[in-house]
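Report on the following structure.
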Protein chains: 2
Amino acid sequence: MDELPGALGTSASLALRLGQAIFSIASLLFMCLDVEFYSYTAFCFLVTIMGLVIPWSLTLAMVDTFSIFVKRPSCQSRILSIVVMGDWILSFLSLAASSSSASVTDLLMMVSGGSFCRAKLCGRYQLSAAMAFLSWFLSLASSLFNLWHLASL
Amino acid sequence: MDELPGALGTSASLALRLGQAIFSIASLLFMCLDVEFYSYTAFCFLVTIMGLVIPWSLTLAMVDTFSIFVKRPSCQSRILSIVVMGDWILSFLSLAASSSSASVTDLLMMVSGGSFCRAKLCGRYQLSAAMAFLSWFLSLASSLFNLWHLASL
């Protein structure tokens with residue numbers, strides 16, 4: 001491995017994965033703390049995607065940890081291809097989910113003039129969309145680094 | 001140029017660019033044929049992004065045409081970097097815009113139980129979001145090919 005920072009198996013990659021997992025969990029918690037999210041397709045989509053991102057990020061974080069501490073240079077091209085594919089697909093899905101949730105929250109606040117958004121409900125949806133957006137950003141960084149590494153192998 | 005199909009200056013790239021421009025124009029037309037789109041943030045976002053994608057795709061289509069017919073191998077790394085950056089940014093923006101529009105249209109159809117969506121209005125919004133999604137897909141293909149080409153230079 002030629003030590004591209006951020007590629008699979010480096011400490012920068014581990015940090016990115018942990019960040020993705022933390023933001024995804026935060027997004028999921030903000031969305032699921034009330035039980036009304038399943039009335040809206042966009043929010044269900046967000047919950048589904050965040051439920052996919054969390055195990056993916058944690059699994060790859062474990063691979064990174066293993067690679068850092070046991071010093072096994074697991075730089076097989078086929079494994080890296082699978083990781084890059086999964087990263088890209090999840091990255092696009094989480095971008096779509098976060099922008100959908102953000103726009104639906106915006107519309108809900110606008111249409112009802114505040115009557116729909118009782119108490120802190122809409123604020124929670126906004127926070128959830130923001131967390132999903134941050135998770136997408138870290139996921140994009142991971143996938144760019146891994147794609148670059150794959151292309152320069 | 002080592003003739004990677006789909007990279008800047010090839011006929012496959014020209015086809016991709018023309019496809020992006022056609023789908024973006026179709027999306028813009030479906031959205032703008034009625035004048036109610038500016039009431040909703042997501043639809044304004046879609047119109048803005050499609051208004052950016054169209055000149056970008058047409059400019060790069062002209063570059064491709066020039067490169068194909070005049071046979072100038074304009075494979076400078078700096079120009080390719082700018083093209084890749086622009087492609088990626090527009091690709092993410094158009095994915096966000098199309099998924100936002102799709103989810104807002106879905107919510108509008110659901111909330112009002114059909115009373116909001118008179119005549120063909122919601123059908124047009126859906127078509128517009130679908131066209132934007134197709135435009136995103138072609139834009140993604142272009143940017144992947146160009147990034148791969150840039151990384152293997």
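Return the chain A residue and its Cβ-to-axis distance, rounded to the nearest Å, for the rotation relating A to B.
Closest to the rotation axis on chain A: A:Ala151, 2.
Please work out the average accessible area per residue across the protein assembly as shown, using the 1.4 Å probe convention, and give it in Å².
Value returned for the protein assembly as shown: 47 Å² of accessible area per residue.
Normalised by the residues of the range B:11-151, what does the relative contact order come to in percent, with Cα pairs under 8 Å and at least six apart?
Relative contact order of the range B:11-151: 41 percent.
Give, rounded to the nearest 20 debye, the magnitude of the charge dipole that the protein assembly as shown has about its Cα centre when Lys and Arg contribute +1 at Cβ and Asp and Glu contribute -1 at Cβ.
40 debye
Cα convex hull of the range B:1-46: how many Å³ per residue?
Dividing the Cα hull volume of the range B:1-46 by its residue count gives 68 Å³.
Compute the length gained on full extension between A:Ser77 and A:Thr59: take 0.36 nm times their separation in residues and subtract their Cα-Cα distance, giving the result in nm to one decimal. Provide the component values of the computation, followed by the final result.
Values: separation 18, 0.36 × 18 = 6.48 nm, distance 1.84 nm.
This chain segment gains 4.6 nm when fully extended.
Which distances in nm, rounded to one decimal and ordered from shortest, link the label point of B:Ile79 to the equivalent label points in the other identical copies, with labels set 7 Å from Cα toward Cβ?
Between copies, matching label points for B:Ile79 lie 4.1 nm apart.
Of all accessible surface on the protein assembly as shown at a 1.4 Å probe, what whole percent is carbon and sulfur?
Accessible surface attributable to carbon and sulfur in the protein assembly as shown totals 74 percent.
Which distances in nm, rounded to one decimal and ordered from shortest, link the label point of B:Ala12 to the equivalent label points in the other identical copies, with labels set 7 Å from Cα toward Cβ?
Sorted ascending, the copy-to-copy spacings read 3.0 nm.
So how tilted is helix A:77-111 from the main axis of chain A? Cα-based, degrees 0 to 90, rounded to 10.
10 degrees
What gaps in nm, shortest first, separate B:Cys44 from its twins in the other copies when you place the label 7 Å past Cα toward the beta carbon?
Computed spacing set for this position: 3.1 nm.
Over the alpha-carbon set of chain A, divide Rg by the Kirkwood Rh and report the Rg/Rh ratio to two decimals.
Value, to two decimals: 1.08.
Nearest 100 Å² is fine: what is the total accessible surface buried where chains B and A meet, probe 1.4 Å?
Chains B and A together bury roughly 1900 Å² of accessible area.
Taking the Cα centroid of the range A:48-100 and of the range B:34-68, what is the distance between the two, rounded to the nearest whole Å?
Rounded to whole Å, the Cα centres lie 32 Å apart.
In nm, to one decimal, how far is the modelled label at B:Leu33 from the one at A:Phe69, with both set 7 Å along Cα→Cβ?
Result: 6.1 nm between the two label points.
Could you tell me, in Å, what Rg and Dmax come out for the Cα atoms of the protein assembly as shown?
21.0, 64
The values are calculated or read from the model by the stated rules, or taken from the named source; none is laboratory data. The structure displayed is predicted, hence computed values, not measured ones. Backbone-built Cβ (ideal geometry, glycine too); neighbour counts: all protein chains shown. We work out accessible area using only protein heavy atoms, side chains counted, and drop any ligands, DNA or RNA first. Shrake-Rupley method; radii C 1.70, N 1.55, O 1.52, S 1.80 Å.
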